[in-house]
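In what follows, a single structure is set out as structure tokens and then discussed.
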Amino acid sequence: MKKNFTLDTVLFIAAIICFVTGIMMDFHLIPGGKEMRRPFKLAHIYCGYVMAIGVILHLAWHFDWIKSTAKKIFRR
């Protein structure tokens, strides 16, 4: 249970950072030149990597539940 909470928390924080940095870059809300945008771009990219790894872990940890639920759905 603790690992699920920790993973969900990490995924949530990474998603918020990715969302905010993406909006800031898309709407050009970052003042300055490329030097000022680079940290935001790196944060956006690496939070995307964290989310991808987190989703893979989340699916792996819940694979048995996914399998049993899919069997129930497709049995009908």
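The values are calculated or read from the model by the stated rules, or taken from the named source; none is laboratory data. In this text, all values refer to a predicted model and were calculated from it rather than measured experimentally. Glycine gets a Cβ as well: all are built from the backbone with ideal geometry, and neighbour counts include every protein chain shown.
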What is the residue count in region 1-50 for residues that are within 9 Å of the chain's Cα centre (by Cα) and outside any helix (DSSP H, G or I)?
-> 0
Here are some conditions: (1) more than 17 Å from Ile16 (Cβ to Cβ); (2) modelled with pLDDT of 95 or more. Ile45 meets all but one. Which one does it not meet?
-> (1)
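How about region 21-76: which of its residues are among the β-branched types (Val, Ile, Thr), surrounded by 10 or more Cβ atoms within 10 Å (Cβ to Cβ) and farther than 22 Å from Leu7 by Cβ? Can you show your working first?
If we filter region 21-76 for residues that are among the β-branched types (Val, Ile, Thr), which is where we start, we get 21, 23, 30, 45, 50, 53, 55-56, 66, 69, 73.
Restricting the remaining residues to those that are surrounded by 10 or more Cβ atoms within 10 Å (Cβ to Cβ) gives 21, 23, 30, 45, 50, 53, 55-56, 66, 69.
If the condition is that a residue be among the β-branched types (Val, Ile, Thr), surrounded by 10 or more Cβ atoms within 10 Å (Cβ to Cβ) and farther than 22 Å from Leu7 by Cβ, then Ile23, Ile30 are the ones that fit.
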